[in-house]
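See below for the structure under consideration.
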Amino acid sequence: MKIHMYDHFPNYGDVLNKHIWPLYFGQQLARQDDILMFGIGTLLGQNIKHDGRVIVCGSGCGYEPDVSAVANYRIFWVRGPKSAKLLGLPDSMAVTDPAILVDACFPPAPRGDRIVFMPHWETSRNPLWRRVCALAGIDYVDPLDDVTKVSAQLSSAKLVIAEAMHGAIVADAYRVPWIAVSTSARVNLFKWHDWAASLQLKPEFHVLPPLGMSDVFRSLTGDAKTADKLRQDVEGEEEIPRAPRNDVSARCTRFCNLAYNNLLPRWLRHKIEYKLVWKIGPRIDAWLDAKAAQGKPSGRLAMVADELRRLAALPG
C-alpha cells in the first residue's frame, strides 16, 4: 500500500503522513499491491490518476468541486462535515483531520512562554514574514523545516498564530491555544471550516496586510471560482465567510481575481501563476528584504509587527 501526498515541497502537514501512518499500517505499507491511501491532505475531488484501489482515511475536499472520481473509493472517514456533505456521506463519516494523531510519534516538548507564527508554505517563500516576526519578538516557524523541529516548536509554544491549517490542527492536538490568520485572499476557507466543524469550532480569521509582491500575486491568482462553487455545494449550512465587503481593497482584489479566473483558460492561469507567485514575486520580496536589512524597517513592516504583537496578547 502506498500513501499519496503532495510532495513537491516538504510541507509540514503533508510530511506528517510519513510519520503517523507507519505506526498504524506498518505491515500494510510494506506490501506491494495496487492500493493507494489518501490520508492527511486536501485530496478529494482532484483528478489523481490511479488504476488500482483507493482508500480514504481522513482526507478532505477543498480544491476541486468535481467529486465524481471518488465514487469507487473505499472511504473510512473524511476530515469534516463539509467534505462529507459534498460526497453524500453520513455525518458519522466526518471524524477529523488525521494530524490530530501527531503526539503518537512526536511527544510534546516542554511548554515554554514563546509566541510562534507559522505561515502557509506558499507564504514562507516570502522572506519578509521572517523579518517581521523578528521585529515583533515572535518566533517564526518554517512549515518547510524538519518535521520533528516544527512539532517541537508548536508543542512548546504558549500561543500559535497560524496561517498554515496544520499549524492550528497540531497546536490543538497539543492543547496549545491558536489564532487563525491570513496574509492573502488565497487562504482556503473551505478546508479550514471543514476541519473546524468536525470539532464544533468556528475559526475567526485575522487578516494581516500583505508584505511584498508575493502576497499580492497570491491573492490575484487564487482560485476564487472554485471556492464559490464549493460554497454553493454546501449551501444550507453555516456560511463560509468571504473577505469583508466593506473592505475596498478586498473587494477590488476579488473582482480582479474573478475576472482572471473566468476570462483566462486554466493552462494560461497556471503559467501566469508560476511566473508571478514562484518567480517574480519572491525576487522582488528578496530585494525588499535586503533593503530592510540595510536600514530601518518600512512603515508596512512596522505596522504588521505591531499587529502581530497585538494578536500575541490575545488568549487564542
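Structure summary
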quantity	calculated
Check on Ser156, crowded, with 24+ Cβ neighbours inside 10 Å, in contact with a Gly (Cβ under 9 Å, 6 or more places away or on another chain) and among the hydroxyl-bearing types (Ser, Thr, Tyr)	no
Criterion violated by Leu101 - all others in (1) in contact with an Asp or Glu (Cβ under 8 Å, 6 or more places away or on another chain); (2) open to solvent by 10 Å² or more (accessible area, probe 1.4 Å); (3) of a type outside the set (Phe, Trp, Tyr) satisfied	(1)
Subset of the stretch 128-137 [assigned to a helix (DSSP H, G or I) and either closer than 14 Å to Ile161 by Cα or without any contact (Cβ under 8 Å) to a residue 24 or more places away in the chain (or both)]	Trp129, Arg130, Val132, Cys133, Ala134, Ala136
Given (1) at pLDDT 95 or above; (2) open to solvent by 70 Å² or more (accessible area, probe 1.4 Å); (3) under 21 Å from the mean Cα position of the chain (by Cα), number of the condition Thr96 does not satisfy	(2)
Test result for Asp91, surrounded by fewer than 20 Cβ atoms within 10 Å (Cβ to Cβ) and within 22 Å of the chain's Cα centre (by Cα)	no
Per-region count, the stretch 263-311, residues among the aliphatic types (A, V, I, L, M), open to solvent by 30 Å² or more (accessible area, probe 1.4 Å) and within 22 Å of the chain's Cα centre (by Cα)	2
Matching helices (runs of 4 or more DSSP H) fully within the stretch 161-221 where at least 2 residues are among the basic types (Lys, Arg), closer than 22 Å to Val147 by Cβ and more than 14 Å from the chain's Cα centre (by Cα)	none
Failed condition for Ile55, given (1) touching a strand residue (DSSP E or B) at 6+ places or on another chain (Cβ under 6 Å); (2) buried (at least 18 other Cβ atoms within 10 Å of the Cβ)	(2)
Residues within the stretch 169-189 that are closer than 19 Å to Asp14 by Cα and among the hydroxyl-bearing types (Ser, Thr, Tyr), tallied	1
Selected residue (criterion: modelled with the highest pLDDT) from residues of the stretch 183-197 that are aromatic (Phe, Trp, Tyr) and closer than 10 Å to Met165 by Cβ	Trp195
Yes/no for Ala99 being small (Gly, Ala, Ser), under 30 Å from Asp139 (Cα atoms) and in contact (Cβ under 8 Å) with a residue 24 or more places away in the chain	yes
Subset of the stretch 71-88 (residues that are open to solvent by 70 Å² or more (accessible area, probe 1.4 Å) and at pLDDT below 95)	Ala71, Asn72, Arg74, Lys85
Residue list for the stretch 14-56, restricted to those being small (Gly, Ala, Ser), out of contact with any Asp or Glu (no Cβ under 7 Å at 6 or more places or on another chain) and at pLDDT 90 or above	Gly39
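Residues checked against (1) free of Cβ contacts under 8 Å to residues at least 40 places away in the same chain; (2) under 23 Å from Val277 (Cα atoms); (3) open to solvent by less than 40 Å² (accessible area, probe 1.4 Å):
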site: Phe106; (1), (2), (3): no, no, yes
site: Pro110; (1), (2), (3): no, no, no
site: Phe117; (1), (2), (3): no, yes, yes
site: His120; (1), (2), (3): no, yes, no
site: Asn126; (1), (2), (3): no, yes, yes
site: Pro143; (1), (2), (3): no, yes, yes
site: Ala164; (1), (2), (3): no, yes, yes
site: Ala171; (1), (2), (3): yes, no, yes
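The values are calculated or read from the model by the stated rules, or taken from the named source; none is laboratory data. Not measured: the values here are computed from a predicted model. Virtual Cβ from ideal backbone geometry, glycine too; neighbours counted across all protein chains shown. For the accessible areas, the whole protein counts, side chains as well, though only heavy atoms, and no ligand, DNA or RNA atoms are used. Shrake-Rupley method; radii C 1.70, N 1.55, O 1.52, S 1.80 Å.
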